[in-house]
Each structure stands twice: as structure tokens, then as C-alpha cells.
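In what follows, a single structure is set out as C-alpha cells and then discussed.
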């Protein structure tokens with residue numbers, strides 16, 4: 001199997017990023033598998049100059065290595081253009097003229113994972129008034145590009161169905177877990193997941209109005225090209241997994257040919273998913289890079305050691321009964337590494353993670369396998 005780091009250079013990594021990256025590293029290295037590095041810098045307005053170098057330095061400092069040279073999304077636009085053509089050949093793309101304000105006004109609130117289900121305004125416009133759409137395109141109106149979700153067979157009639165979701169495109173590819181508009185997959189932490197693509201995911205932007213490619217498209221293209229079949233990330237991307245499975249199915253049906261070797265392609269088409277609980281700060285809010293107090297720069301400046309950080313993250317992953325300082329290699333003693341559903345359990349938080357790390361740094365170095373959930377300075381959500 002092949003795992004990957006996929007940091008976004010929008011700021012210094014925080015303790016929650018390290019926690020997820022440690023899990024991804026252990027998942028791959030415990031089996032002696034490859035670990036690749038991808039810098040997700042396709043969203044140029046969010047990129048901070050030099051952040052990629054700091055991230056790579058922090059990972060080396062922590063003892064989390066990878067194979068080969070890092071891959072930068074900003075250098076892969078030709079592959080994303082090719083992917084877009086494959087999707088266009090399947091007839092699953094359409095222009096969207098809606099602004100964010102338009103979408104917010106017409107959308108129902110969701111469960112808080114940051115996913116807003118598009119109400120289908122421009123999809124209906126093309127279905128009912130194709131001439132208006134062609135006129136707006138002809139005069140150069142700014143627009144994004146969306147991928148249409150499959151429709152129930154009862155609705156798949158008329159010219160619109162042929163344009164977007166032909167019966168062939170709606171037919172599930174064996175093993176992909178998509179049938180009758182429902183995406184299903186088994187997450188290693190959260191168990192069986194089921195998402196209704198048209199109602200819980202909705203038509204999604206894969207190329208923005210400013211010309212930049214959307215995250216949901218590029219991550220699928222990259223994972224296929226890199227042969228990644230071991231995906232470890234936060235639970236806030238559970239719903240995105242359903243969308244990415246649909247994009248992957250449409251890409252392959254449209255003739256997309258991954259750059260990876262043929263044997264790696266088979267497994268990359270059906271990856272294993274591990275979605276980790278999110279880590280809150282002392283105030284109960286999800287950790288973010290804009291909160292500098294918990295980033296690697298601040299922790300290193302306070303004299304916190306890499307062993308303290310790794311031991312703390314290992315404890316969050318239920319690999320230790322206490323946050324005892326250790327190195328990543330120390331955690332490979334029990335092979336293979338498996339992230340079980342016990343990691344969902346909640347632990348307490350201290351008011352100051354830095355203070356907690358420094359306090360426990362004086363403890364002995366070593367490792368104990370976790371047999372029960374302990375107390376600690378973070379809250380697993």
C-alpha cells in the first residue's frame with residue numbers, strides 16, 4: 001500500500017496536523033510501505049511564501065520521513081486540465097454563474113462540517129433555459145464549473161439527463177460502492193458510511209470562477225497518479241470522500257489514465273479510508289493554523305522536544321496510556337499498526353497544551369500500549 005502526507009502551505013503546522021500525519025506515517029511504515037509527500041498549493045490565495053519549507057523542516061525534526069521528492073500541485077496543471085477533459089467527455093460538467101452569496105441564500109444549513117449542498121440553480125437553468133446559458137457563456141460571463149451528481153432513474157429523462165448523467169455514468173463501477181445515487185464505504189474509525197449524492201453532497205465546484213482547480217478534483221487526480229491507496233485524514237472530510245468517489249468513478253469512465261504503475265492503479269481505485277477525530281483547543285474550538293499558540297514554531301520556540309510532541313500525539317491516537325515522550329520509530333514495535341474505532345472515544349483537555357507538554361517532558365522516555373482511555377490536554381471530537 002502507499003500512504004501520503006498532503007499538507008497545505010497556508011501556515012505553520014499545529015499539533016492536530018502532526019497527530020494526523022503521525023497516524024498516516026505509522027499506517028504506511030508499520031507495513032514497510034511507501035510514504036509520499038504532496039504539497040497542496042493549488043489554492044494560491046491561501047499559500048504563504050516559505051510555509052512549505054517550514055512544514056518539511058518540522059516533519060524532519062519530528063522524525064517523520066517520506067520517500068522521493070515532494071510533489072507540488074502547482075506544477076501539475078496539465079494533469080488537471082486532462083482530468084477536466086475526461087469529465088467533460090462523460091457529460092457530467094456544467095457552468096455555474098452563482099455567487100457564494102447566491103448559494104448561501106438558497107441553501108439549507110448542514111451539520112457543520114463546512115459542506116454546503118448546492119441547490120442546483122444553474123443545473124435547473126441549463127435544463128429549462130439552455131439558450132440563456134449559451135448566451136451568458138458567449139458574452140463571457142464569469143462562471144465556475146460544477147460536476148453533476150447522478151439523478152434517480154425516475155428523473156433521468158429528457159435532454160438534460162443525457163447531458164449530465166447518462167445511464168452508463170449512473171451505473172456503479174464494481175467495488176466503488178456507488179449504487180442508486182448512494183455512496184457507501186467502510187471507514188476504519190467511523191465504520192460504514194452512506195451518503196446520498198444528490199441530496200447530501202450536491203453538485204460541486206471542480207474549477208473555480210477565478211480559474212483555479214477545486215480541491216475535490218485535484219486530490220482525486222493526485223491520489224490516482226501517485227498510486228495512493230491508504231488515505232488518513234480528519235473526520236471533517238468524511239462527506240468529501242463520497243464526492244471524491246463519484247469524481248474518481250467519472251474520471252475512470254471518461255478514460256482517465258493514472259500515471260502510476262498498473263498494479264498500483266488497481267488498489268488506488270479502491271483505497272482504504274481512515275478518518276480521525278478532530279482535536280479541539282482549550283476553548284473547545286477546532287485547531288486551526290491561524291491560532292499560532294499551538295503551531296510547531298511556537299512549540300519549538302518554547303523548547304518542546306520532538307519526542308514530547310510525538311508521545312503526546314501517540315497518546316491521542318490511543319497508542320499510549322499516557323503522553324510519554326518517544327520517537328516515531330519507537331511506535332513501530334507492535335506491527336502492524338491499526339487505527340481502531342476506540343480512537344473515537346473522548347478524552348479530557350487541559351487548559352494549556354504547551355504547559356502540559358513541557359510538564360510531561362520531564363517524565364521518563366518509553367512507551368506503554370494503551371489499554372484504557374486516559375486523561376489529557378486535548379479534546380477529541
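The values are calculated or read from the model by the stated rules, or taken from the named source; none is laboratory data. Predicted model only: the values in this text are computed from it and were never measured. For neighbour counting, all protein chains shown are included, and Cβ atoms are generated from backbone atoms with ideal geometry for every residue, glycine included.
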(message) Please determine whether any residue of the stretch 257-265 is surrounded by 19 or more Cβ atoms within 10 Å (Cβ to Cβ), farther than 30 Å from residue 15 by Cα and modelled with pLDDT of 90 or more.
(response) yes
(request) Scan the stretch 199-211 residue by residue and report those that are more than 25 Å from residue 278 (Cβ to Cβ) and crowded, with 19+ Cβ neighbours inside 10 Å. (result) 203, 206, 207
(request) Taking the residues in the stretch 267-289 that are in contact with a helix residue (DSSP H, G or I) (Cβ under 8 Å, 6 or more places away or on another chain) and modelled with pLDDT of 85 or more as candidates, determine which candidate is farthest from residue 243 (Cα to Cα). (result) 277
(request) Report yes if residue 221 is assigned to a helix (DSSP H, G or I), within 14 Å of the chain's Cα centre (by Cα), touching a residue at least 24 places away in the same chain (Cβ under 8 Å) and buried (at least 22 other Cβ atoms within 10 Å of the Cβ), otherwise no. (result) yes
(request) State all residues of the stretch 298-318 that are part of a loop (DSSP other than H, G, I, E, B) and under 24 Å from the mean Cα position of the chain (by Cα); if no residue qualifies, say none. (result) 317, 318
